[in-house]
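No value in this document is a laboratory result; all are computed from the given coordinates. Because the structure is a prediction, the values reported are computed rather than measured. Cβ placement follows ideal geometry from the backbone for every residue including glycine, while neighbour counts extend to all protein chains displayed.
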Amino acid sequence: MNAKIRTLLAQTGRLAVDVNSLSDDQDLYGAGLTSFATVQVMLAIEDAFDIEFPERMLNRRTFASIASIEACVAEIAGPREAAA
Amino acid sequence: MNAHASWLQDRAARACAVAAQYSDQVDSDARFPHEAIRALKESKLLAILIPRDLGGEGAGLSDAAEICAMLGQNCASAAMVFAMHQIKTSSLVTHGVENDWHRTFLRRIADEQLLLASATTEGGGIGGNMRNSICAIERNQDRFTLQKDASVISYATEADAILVTGRRDPEAPASDQVMAVVLKDQYVLEKTGGWNTLGMRGTCSEGFILKCSAPATQILPKPFAEIAAQSMLATAHILWSSLWYGIAASAAQRAQGFVRAEARKKPGSTPVGATRLTEATSLLSLMKSSILAAITRFEHAKLANDELNSIGFAIDMNNLKISASQLLNDIVRESMMICGIMGYRNDSPYSLGRQMRDAMSAPLMINNDRISGNTASLLLAHRLDPRLAS
C-alpha cells in the first residue's frame, strides 16, 4: 500500500521534491503539497483503492504525511487492502 | 446583549460618530481615516480580542463583527482598517500565545493600542494568491532578513507593525510559508504604487518593497498554511462580511427614509419604491442570518480542531464571502433604484454614490472568481451535509 500511495503522490501531488526522498513521517506540506493538490491526491487514492474518505477524515492532518494517509486508507479499506 | 457587549458598542458608537464626520473627506481625498482610527484607539477598541491576562478584553468575534458593521454604516474605509487589524490580531491570539515574544507583543498592542497591517500579497505573478510566496526568510544565527515585493500593503505607513509572509527558507517550496511580526523600526518601505480607486479609498492599499530585519523569535512557530486555515480565512471572511453588512444596512436605511418621505408627501398612496424596499430588506436579513450562522459555525469549529481544518468548514467560509459580497451589491443597487435620481446625485441626503463605489470592492477584494475556483476544487472532495438544524 505504501508504494502505491507514493506512486499516486508522485503523479498527483505536485510536490517540490522526489517522493522517494521523503520518509513516511515527513511533512508533505513542507514538501510543497498544496490544498488544491491534496484534493487531487484524495481523488486518485479513492479511485485506486476503491474507497471513499468520510467527511471526518477530510482535513489537513489526514494528508500531512505518507504514514497518516496510509493509516486512513487502512482504516477505511479494512483488512482487504492491508496486504496490497 | 450582555453588559460587556453593550459597553463595547457604546465606545464604538463614539468612534462611529467621528468616522461619519470625516467619511466624505476620507473618500474624496483618498486619505487614511486618521480621526476614526484615533477615536478607536482612544476608546481602546484595537485590543478587544486579546485575552484579559494579556491586557485585552477577551471579547468574541461577534463583538468585533458588530463594531465592523457599525463602522461600515459610517465609513467603510475605517471599518476595513479596523477589520484588517482585528484579523491580524486574531492570528496572533490563536497562534502566538505560546511564544514569549508574541505574548509580550500582544500585551504591547493592548497597552499602546498598536495598529497592525498585513503584507500577504506579493508581486511577480503571485497577486492575491496569498498561499504562495516568492520571497523567503533568510536566517542568520538568531536573526532573519526578508525582502518582499508587496503589491499591496494597506495603510502600511500608518501601521505600528506589519505581519509579513514568506517562504520558510530560501530552499522551501512556494507553499511552505511562515508569518513574522516586524515592528516599525525593523523595516523600511519603498513605495512602488499608489491607491486611486473607485471606492474604499481610505484604506491606502499601496504597493511597497518591504525590507526587514528582526530577531527570529518574531516568526510565528506554526506554518502559515495552518494560520490561514484556522484563523485568517474565517475571521477575514466574517469581519469583511460584517462591515459589508454595515454598508448594505446604511443603503437600505436611506432607501427606507426616501420611501417614508415620499409617503408623507402623498398621503393615502403607496410610493413607487415601497415594493422594491421589501426586496432590499429581505436580502438584508438573508445577509445578516448568513453572517450570524458563520459566526456560530466558527465558534463551534474552534472547539474541535478537526472541524476547523475540515474541507466543509473552508467551503462554508468561502461561500459566506461570495454571497455576502454579492448581496451587498444587490442591496445597494435596489436602494439606488428606490431613491432614483436622489440616490444617484452626489449632493442629496439620499446619495448612495459612496456606498455603491465601496460595495464594488467586495467581490474583487480577493476575487470571487478565484475563491469560486478554490471552492470548486474542494467540492470534489466534500460530502454535502443535508441536515438543517443539527
Query raised in the report: So how much slack lies between residue B:213 and residue B:300, counting 0.36 nm per residue of separation and subtracting their Cα-Cα distance, in nm?
Result: 27.5 nm
Report summary line: If unit charges are put on Cβ atoms (+1 for Lys and Arg, -1 for Asp and Glu) and the dipole of chain B is taken about its Cα centre, the option from B:51, B:219, B:96 lying farthest towards the positive end turns out to be B:51
Report summary line: Kirkwood-based Rg/Rh on the Cα set of the protein assembly as shown evaluates to 1.01
Report summary line: The alpha-carbon center of region B:153-182 and that of region B:269-301 are separated, in whole Å, by 37
**Report entry** Share of pairwise Cα separations in region B:3-114, more than 25 Å, in percent
**Finding:** 20
Report task. For chain B, return all DSSP H helices satisfying: extent of Cα atoms along own axis at least 15 Å; mean Kyte-Doolittle hydropathy at least -0.5. Result -> B:3-29, B:61-72, B:76-95, B:233-265, B:274-302, B:311-339, B:368-379
Query - Spherically averaged projected area in nm², based on the convex hull that wraps the Cα atoms of chain B - result: 20.4
Report summary line: If R0 = 41 Å, then residue B:28 and residue B:6, at their Cβ-Cβ distance, give a FRET efficiency to the nearest 0.05 of 0.75
Query - Lys, Arg +1 and Asp, Glu -1 on Cβ, resulting dipole of chain A about Cα centre, debye, nearest 20 - result: 160
Requested in this report: Using R₀ = 30 Å, calculate the FRET efficiency as 1/(1 + (r/R₀)^6) where r is the Cβ-Cβ separation of residue B:112 and residue B:198; round to 0.05.
Outcome: 0.30
Query raised in the report: Looking only at trypsin sites (Lys or Arg not before Pro) in DSSP loops with at most 16 other Cβ atoms within 10 Å, what is the longest site-free stretch of chain B?
Result: B:45-344
Query - chain A - mean residue ellipticity at 222 nm from DSSP helices (-39,500 (n - 2.57) per run, n ≥ 4, rounded to 500) - result: -15000 deg cm²/dmol
Report task. Could you pull out the pairs from B:88/B:288; B:148/B:184; B:148/B:302; B:184/B:321 whose alpha carbons sit more than 26 Å apart here? Result -> B:148/B:302; B:184/B:321
Query - Assigned charges on the beta-carbon of Lys, Arg, Asp, Glu; chain B dipole about Cα centre (debye) - result: 900
Query raised in the report: Could you state the per residue volume, in Å³, of the convex hull enclosing the Cα atoms of region B:224-379?
Result: 107
Query raised in the report: What value, in deg cm²/dmol to 500, does the helix sum -39500 (n - 2.57) over DSSP H runs of n ≥ 4 give at 222 nm once divided by the residues of chain B?
Result: -17000 deg cm²/dmol
**Report entry** Compactness index (Cα Rg / 2.2 N^0.38 Å), chain A
**Finding:** 0.98
